[in-house]
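Below you'll find the structure, written out as structure tokens, and then a few comments.
The values are calculated or read from the model by the stated rules, or taken from the named source; none is laboratory data. No experiment lies behind these values; they were computed from the predicted model shown. Counting neighbours? That spans all protein chains shown, and the Cβs are built from the backbone with ideal geometry, glycine included. Heavy atoms of the whole protein, side chains included, go into the accessibility calculation; ligands, DNA and RNA do not. Shrake-Rupley method; radii C 1.70, N 1.55, O 1.52, S 1.80 Å.
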Amino acid sequence: MYKNRVLTVLFILLLLHIIAVQGVAQQDNLGLKLNKAVLDTDVPPVVVDGRVYLPARDIIESLGGRITWFPALKLLNLNLGKKEVSLVIDIPEAEINGEKVLLQNAPAIIEDRVMIPLEVVQLLTEVEAEWDKTAQEINITSRQPYITSIRSYSHPDKTRIVIDMSEKSTYNIFILSGPDRVVVDIKASLSQLNKEQQEVEVNDLLVSRVRSGQFTPDTVRIVSDLKGKYNSQVFDLTGPNRIVIDVFAPEILLGEAEQLEIPPEAITKPEGIKDGGKQVVVIDPGHGGSQPGAIGYSGLKEKEVVLDIALKLKKMLQEKGFTVYLTREKDVDVALENRPLIAMQKEAAVFVSIHTNSALQKGSPTAKGVETYVLNSRYIGASAKDVADRENKASKLYHYEDNILNQIIADLEESASIGFSLNFADIVQKKLVQHTGLGNRGVKQAPFLVLKGVNMAAVLIEVGFISNPNEEKLLKTPEFREKVALAISQAIQDYLKNMPKDI
Ligand SMILES: [Zn+2]
């Protein structure tokens with residue numbers, strides 16, 4: 001009996017409360033400003049019992065958060081920055097990242113809208129909220145500008161680092177050496193980024209990574225670790241607000257020259273080059289270092305075969321007056337993404353990536369022949385997907401940025417380089433079959449990372465199957481490797497004879 005009476009009293013109190021909420025709500029509508037700008041909301045903030053209620057969805061989304069409403073449960077889930085908050089209508093309690101916090105006022109449904117008390121907003125984020133009674137408005141201001149994300153883009157000629165800001169802020173720049181760094185101190189808070197978002201692994205030719213930390217309570221320090229003494233530029237943009245750090249590649253990429261150990265005579269153009277013609281060839285022996293590539297039955301490694309072919313090809317082309325660069329001259333690791341960048345840097349007319357094929361995964365050691373690939377976002381030709389998957393495996397990018405990659409490749413398809421590459425691939429494939437006597441598997445198309453981003457004729461060649469014991473035997477011999485090199489060398493010469501001056 002006692003319990004029932006308590007429930008009845010509670011029920012009446014609740015009823016009175018709802019009536020009170022609705023009654024007062026209609027009288028005290030308020031204006032709303034977020035960071036000094038008028039925030040238009042479907043319903044205005046209201047004052048109930050001297051306390052401010054805000055339209056939940058409008059305010060949370062304006063602050064950059066997410067809101068999910070489960071009407072059947074009267075449950076409200078809010079996400080903002082690192083905070084996850086659960087609220088239930090009419091219950092003066094919040095669960096913040098799994099911990100219960102008592103509220104002075106419960107969230108409520110007012111005139112069919114889900115409204116949250118101002119204190120919830122204050123629990124969610126560092127804001128100052130002021131109720132300006134003369135202007136009849138609520139002013140919500142973030143305590144300081146904050147960083148919303150840190151991103152990076154690798155271009156052939158520069159690396160761009162973008163720091164997205166909640167609003168415009170001031171910053172100072174320091175260029176430090178030993179090791180080389182660009183440091184930008186921004187008057188802002190880093191509180192909106194989690195640990196993972198505070199560090200960006202760039203690892204291209206110019207920048208190794210970008211780190212950030214709350215240096216002082218009101219200053220964020222962003223440190224870009226450079227791979228050498230490169231020029232940089234820092235500037236800010238609006239709409240949306242961001243601070244941009246550009247790191248520029250030098251004319252001759254110092255880091256790369258060291259890595260490739262290009263002898264000085266190779267950099268000087270030999271005599272006999274036609275004016276205006278780009279007679280630079282970049283050869284890319286696949287894999288290397290910790291990446292052996294495909295391995296044959298007798299233990300022959302793809303990385304060794306293709307390096308030897310590349311060195312032979314280089315010698316042949318140099319004798320014919322070409323300027324030749326290799327992406328690697330010995331058994332070292334070269335990031336997949338950096339290989340086409342080297343070709344761009346050298347303004348190559350032709351880029352050739354050399355590989356040996358493997359069909360072990362499919363259990364078909366009888367697969368044989370030569371095939372030549374050009375870049376495409378789609379797979380064209382039997383087994384094209386298997387080959388692309390295998391050759392792309394070395395890249396971290398391949399696994400989680402597949403969509404971005406496909407977008408870039410789709411854009412590239414519009415460019416003339418695909419057409420040129422197809423012409424070049426036809427010549428290469430014909431010469432390979434002619435010189436090696438191996439089966440003709442044709443010209444195929446697939447999204448190869450190593451061919452990404454180049455604006456020249458670029459092909460990937462699979463010079464026989466290392467997984468086929470017969471072809472592995474051939475791939476072991478200097479004579480066969482010489483034949484492959486000769487075929488590619490002749491194809492390059494034939495192609496460049498008729499190359500258009502501009503693309
Ligand atoms: Zn390979």
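For the pair Glu111 and Asp333, how long in nm is the line joining their label points, each one 7 Å along Cα→Cβ?
Placing both labels 7 Å beyond Cα along the Cβ direction yields 6.2 nm.
Starting from the Cα of Phe248, move 7 Å in the Cα-to-Cβ direction to define the label point; list residues of the range 132-167 whose amide nitrogen is under 16 Å from there.
155-161
Calculate the FRET efficiency for Leu102 and Gln197 from the Cβ-Cβ distance with a Förster distance of 41 Å, rounded to the nearest 0.05.
E(calc), rounded to 0.05, equals 0.85.
What order do Leu75, Leu190 take when sorted by accessible area (1.4 Å probe), most exposed first?
Details: Leu75 40, Leu190 5 Å².
So the residues, ranked largest to smallest area, are Leu75, Leu190.
Tell me the label-point distance for the pair Asp218, Asp49, using the 7 Å Cα-to-Cβ offset, in nm and rounded to one decimal.
Here the modelled spin labels are 3.8 nm apart.
Measuring with a 1.4 Å probe in the full set of protein chains, what accessible area per residue, in whole Å², belongs to the range 147-248? Don't skip to the end; give the middle numbers.
Details: 4960 Å² over 102 residues.
The answer is 49 Å² per residue.
Once label points are set 7 Å from the Cα along Cα→Cβ at both Thr134 and Lys36, what is their separation, rounded to one decimal in nm?
1.9 nm
Expected output is a single nm value to one decimal: the length gained when fully extending between Leu422 and Lys385, i.e. 0.36 nm times separation in residues minus the C-alpha distance. What is it?
Here the segment from Leu422 to Lys385 would lengthen by 11.5 nm.
What order do you get for 480-489, 158-167 when each peptide is scored by the mean count of other beta carbon atoms within 10 Å, highest first?
Details: 480-489: 22.6, 158-167: 19.6.
Listed from highest to lowest mean packing, they are 480-489, 158-167.
Mind checking the full-extension length gain between Phe235 and Asp164? Use 0.36 nm per residue of separation minus the Cα-Cα distance, one decimal, nm. Please report the intermediate quantities before stating the final value.
On the way: separation 71, 0.36 × 71 = 25.56 nm, distance 1.23 nm.
Length difference between fully extended and current span is 24.3 nm.
Evaluate E = 1/(1 + (r/R0)^6) for Asp225 and Ala72, where r is the Cβ-Cβ distance and R0 equals 45 Å; express this FRET efficiency to the nearest 0.05.
E between Asp225 and Ala72, to the nearest 0.05, is 0.30.
Efficiency by 1/(1 + (r/R0)^6): what FRET value for Phe174 and Ser290, r their Cβ-Cβ distance, R0 = 35 Å, to the nearest 0.05?
It comes out at approximately 0.45.
Taking a virtual spin label 7 Å from the Cα of Thr366 along the C-beta vector, which residues in the range 466-500 bring their backbone nitrogen under 15 Å of it?
It comes to 468-471, nothing else.
Can you compute the equivalent ellipsoid semi-axes for the range 147-248, i.e. the square root of 5 times each eigenvalue of the Cα gyration tensor, sorted largest first and rounded to whole Å?
20, 14, 13
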